[in-house]
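Read-outs throughout are calculated quantities, based only on the coordinates presented, and are distinct from any laboratory measurement. These numbers were taken from a predicted model, which means no experiment stands behind them. FYI the Cβ positions are ideal-geometry reconstructions off the backbone, even for glycines, and counts take in every protein chain you see.
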Amino acid sequence: TTVLMARADMYFLLPMLVWVGLYVLILYIFVPRVRNASIGLYEAQSTMVGRMVDSYTNIMTVKLFSRKEHEDKFVLDALRRHSSQFTDKNRQIFYMIVTLNAVNSFMIGALTILSLWLWRDGALTPGQIAMVIPLAIQVNNQMGWIMWEVTGIFEWLGTVQESMETIARPHGLTDTPAAQPLKIAKGGIEFDHITFHYGKGSGVIEDLSLRILPGQKVGLVGHSGAGKSTLASLLLRFYDLEGGRILIDGQDISKATQESLRAAIAMVTQDTSLMHRSIADNIRYGRPDATMAEVEAAAGKAQAQEFIRELQDDRGGHGYDARVGERGVKLSGGQRQRIAIARIILKNAPILILDEATSALDSEVESYIQQQLAGLMAGKTVIAIAHRLSTIARMDRLIVMERGQIVEDGPHDELVRRNGHYARLWALQSGGFLP
Ligand code: ADP
């Protein structure tokens, strides 16, 4: 446009350059403001959605403590902040549009007056005027369009940058390039001077060594917070050690592939979460190629067959085809636990970790499952964590932990005789009467 206008008359060159200069200036001033306002808006939106999700996922707690009003207010605060950020962003866009339109109108007016002057002096023909003014109007339209695009790009860039910080992080825990699948022959475990503090600098586990022989059944005992679950997580390599190493059958787990490590270990935790799929799919999760007969046999061993037969979901699926609801909400804690146990029976891994595995069961079912677990444990290396000592007293060996250290180690009878930490815990739980 500038070239075409300059050809009509060199006088047009100056206003066109001024116009372009002003346009660039407007973008330079307003685009960063719109981008910052977009980042603010995005943050406010995450906070708002986060608070809503938090209240809904904890709806039970909200109701139990009758904190509905407080939660409403909490979300409302976030909603207000979101609205104010939204207004703020739109205000910046509005300022930008108004400034641009003012400049554009002024420039179209100026060019019109200039061309009329030049026409009066005979320097411009009516045909050239008929070219200059529509061109100026066309420039005005294009500037508006480009401004929208540029603002849009920077607006989304702000949003994307913000989300990238959350989702585009490199994996902290990766297989080494030379990682080999773990070869498990017997399932012996060795914790070799391990240190781990969840990155806090100190505490949790400090220089702990423990050797568990292949096939040995070990009970982990200790006060809550002693580091028992942490030890299990480290064995599964959910975290990398801060010092020392963990060996399974002589192979350092940090040099093995994570897939092979976790395939070798079956774990039942205290609170089992199930997939929102059918019961059969959930049981089969550790071994997708298991036949229906194997699934049913595993469920039978876990005392789950009876209740599974009666299950019915809202889509008409029943028995093994019934879907369990998100995280398994349609089942009771004990039923979920039995599904989890059936799942590990089917997985049949050489190393077994039971973290309060039977805590959600009633005594009758628990004693039955304890018997089943005894069968399941045969020939496997087992680490069982339990608060109810009666459930692990029969283990080959008990490890008593305190503040991330092993304070006692031996079979039940010996530890009771030693009259130390374990004997105290035992006396507390058995009241001194249980055999
Ligand atoms: P236990 O299973 O014996 O009850 P844990 O292994 O769960 O104990 O916890 C041991 C210590 O580690 C506790 O002091 C706890 O606060 C801390 N801890 C547990 N999980 C985490 C975590 N994800 N981040 C930071 N500290 C943790």
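Some values worked out for this structure:
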read-out	value
Residue-averaged [θ]222 nm for the chain, counting only DSSP H segments that reach four residues, each worth -39500 (n - 2.57)	-18000 deg cm²/dmol
Along principal axes, Cα extents of the chain, largest first, whole Å	118, 52, 45
Least to most buried among Met377, Met60, Met143, Met275 (fewest other Cβ within 10 Å first)	Met60, Met275, Met377, Met143
Mean separation of Cα contacts under 8 Å (6+ apart) over length of the chain, as relative contact order %	15
Among Trp145, Ala342, Gly225 - extreme Cα towards positive end, dipole of the chain, charges at beta-carbon	Trp145
Positive-pole candidate from Ala37, Trp156, Met48, dipole of region 34-170, charges at beta carbon	Met48
Radius 14 Å from Cβ of Ala44, net charge of other residues (Lys, Arg +1; Asp, Glu -1)	0
Length-normalised contact order of region 149-249 in % [C-alpha pairs under 8 Å, at least 6 apart]	32
q = 0.15, 0.18, 0.21, 0.23 Å⁻¹, region 267-352: log10 I(q)/I(0) [Debye, one scatterer per Cα]	-0.45, -0.66, -0.92, -1.12
Cβ-based exposure ranking for Leu116, Leu231, Leu236, Leu124, in which fewest neighbours within 10 Å come first	Leu116, Leu236, Leu124, Leu231
Residue order, fewest to most beta carbons within 10 Å, for Thr112, Thr151, Thr125	Thr125, Thr112, Thr151
